[in-house]
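The values are calculated or read from the model by the stated rules, or taken from the named source; none is laboratory data. Just so you know, these numbers come straight off a predicted model, no measurement behind them. Glycine gets a Cβ as well: all are built from the backbone with ideal geometry, and neighbour counts include every protein chain shown.
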Amino acid sequence: MRKMLAAVSRVLSGVAQKPASRVLVASRHFANDATFEIKKCDLHRLEEGPPVTTVLTREDGLKYYKMMQTVRRMELKADQLYKQKFIRGFCHLCDGQEACCVGLEAGINPTDHLITAYRAHGFTFTRGLSVREILAELTGRRGGCAKGKGGSMHMYAKNFYGGNGIVGAQVPLGAGIALACKYNGKDEVCLTLYGDGAANQGPILMELQTYRYHGHSMSDPGVSYRTREEIQEVRSKSDPIMLLKDRMVNSNLASVEELKPGSLFVDFAYWAFSFCSLSAFPQLYPWKLQILE
């Protein structure tokens, strides 16, 4: 439990905190860092919770913002490819939830472990795979991270165990990974992500309050159990990319012009789709065992 709380503290605090002196960058006149308050967590039988303040550096803020924008644009491209029937089968998008995968990755180390459910595209990216590997996997191509055989729900990377299609099935696997770390004496943690449908009762649940803009999957319009007005209200008031942008601009960590998507990206749709369309489909035979190193 102590290691788990330490990991949560790192998530909420970001990476290693730097001194909070607001030294201005002479050439750009931006602050080097800024301190932000964090909503206090509800505690159950714990003497101490995660920190209630964090220091965000300009460098980290720009990195997180770019990562969140990349995940957003990747998911919107996947939406387009699905509607054009380049992506087949199940497809669960995470646009609106970018802060979850980017924030968790900011608080753990590359040697730590992560496993999640079927809404896995963002976590696959933040664990280190490229956008084109993810889109190639979504379109069933050999250039994908699972050689085109896994699809939307079964993507893997180093210390990332998917993508699991059965609700809650990843929880015992995550517990086993954590047990292996402890058994082998490794100073590592395993984060296991699941939705509210897989949550039961305690002993302690750590909740990420988030909101997806798309429906449950691409086959679900997402408006039978919520209104379009509700979705639009969340977009206008609680969008994670917008909130990070506003905080950085208001704290003099960046300018509005600097955070425009056009200044951060190349022609995203063109090169990503070009790679997918040129990559071959996997062979049906012979089957070969593929082990991820």
Requested in this report: Tell me which of these residue 25 doesn't satisfy, since it passes every other one: (1) among the β-branched types (Val, Ile, Thr); (2) at pLDDT below 95; (3) under 13 Å from residue 244 (Cα atoms).
Outcome: (3)
Report task. Could you please find all residues in the stretch 229-242 being part of a helix (DSSP H, G or I) and either touching a residue at least 40 places away in the same chain (Cβ under 8 Å) or over 16 Å from residue 38 (Cβ atoms) (or both)? Result -> 229, 230, 231, 232, 233, 234, 235, 236, 237, 240, 241, 242
Report task. Return yes when residue 215 is in contact with a Cys (Cβ under 9 Å, 6 or more places away or on another chain) and free of Cβ contacts under 8 Å to residues at least 40 places away in the same chain and no when it is not. Result -> no
Report summary line: The number of residues in the stretch 186-239 that are touching a Ser or Thr at 6+ places or on another chain (Cβ under 7 Å) and charged (D, E, K, R) is 1
Report summary line: Cβ pairs under 7 Å, 6+ apart or interchain, first in the stretch 104-121 and under 14 Å from residue 189 (Cβ atoms), second basic (Lys, Arg) and not in a loop (DSSP other than H, G, I, E, B), ordered by first then second residue, are 107/10; 108/10
Query raised in the report: Are there any helices (runs of 4 or more DSSP H) wholly within the stretch 48-151 with 1 or more residues that are at pLDDT below 95 and β-branched (Val, Ile, Thr), and if so which?
Result: 58-83, 131-138
Query raised in the report: When you go through 129, 135 one by one, which is the residue that is touching a Lys or Arg at 6+ places or on another chain (Cβ under 7 Å) and of a type in the set (A, V, I, L, M)?
Result: 135
Report task. Can you work out which of the residues in the stretch 185-196 that are assigned to a loop (DSSP other than H, G, I, E, B) and within 19 Å of the chain's Cα centre (by Cα) is nearest to residue 124 (Cα to Cα)? Result -> 193
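Which of the residues belonging to the stretch 104-119 are among the aliphatic types (A, V, I, L, M) and more than 8 Å from the chain's Cα centre (by Cα)?
106, 108, 114, 115, 117
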Query raised in the report: For residues in the stretch 122-135 being touching a residue at least 60 places away in the same chain (Cβ under 8 Å) and in contact with a Cys (Cβ under 6 Å, 6 or more places away or on another chain), which is surrounded by the fewest Cβ atoms within 10 Å (Cβ to Cβ)?
Result: 135
Query raised in the report: Taking the stretch 136-168 on its own, how many of its residues are crowded, with 16+ Cβ neighbours inside 10 Å and either among the aliphatic types (A, V, I, L, M) or within 16 Å of the chain's Cα centre (by Cα) (or both)?
Result: 15
**Report entry** Near pairs, Cβ below 6 angstrom, 6+ apart or cross-chain, from the stretch 275-293 (modelled with pLDDT under 65) to any residue that is among the hydroxyl-bearing types (Ser, Thr, Tyr)
**Finding:** 292/156
Requested in this report: Identify, by number, the condition in (1) in a loop (DSSP other than H, G, I, E, B); (2) modelled with pLDDT under 95; (3) under 23 Å from residue 164 (Cα atoms) that residue 18 doesn't meet.
Outcome: (3)
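Check the stretch 197-209 and report whether any residue there is outside any loop (DSSP other than H, G, I, E, B) and not aromatic (Phe, Trp, Tyr).
Taking the stretch 197-209 and keeping what is outside any loop (DSSP other than H, G, I, E, B), we get 197-198.
Still in the list and also not aromatic (Phe, Trp, Tyr): 197-198.
Yes, because at least one residue in the stretch 197-209 is outside any loop (DSSP other than H, G, I, E, B) and not aromatic (Phe, Trp, Tyr).
Residue-by-condition table, conditions (1) within 30 Å of residue 174 (Cβ to Cβ); (2) touching a helix residue (DSSP H, G or I) at 6+ places or on another chain (Cβ under 9 Å):
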site: 196; (1), (2): yes, no
site: 210; (1), (2): yes, yes
site: 213; (1), (2): yes, yes
site: 221; (1), (2): no, no
site: 224; (1), (2): no, no
site: 229; (1), (2): no, no
site: 233; (1), (2): no, no
site: 245; (1), (2): no, yes
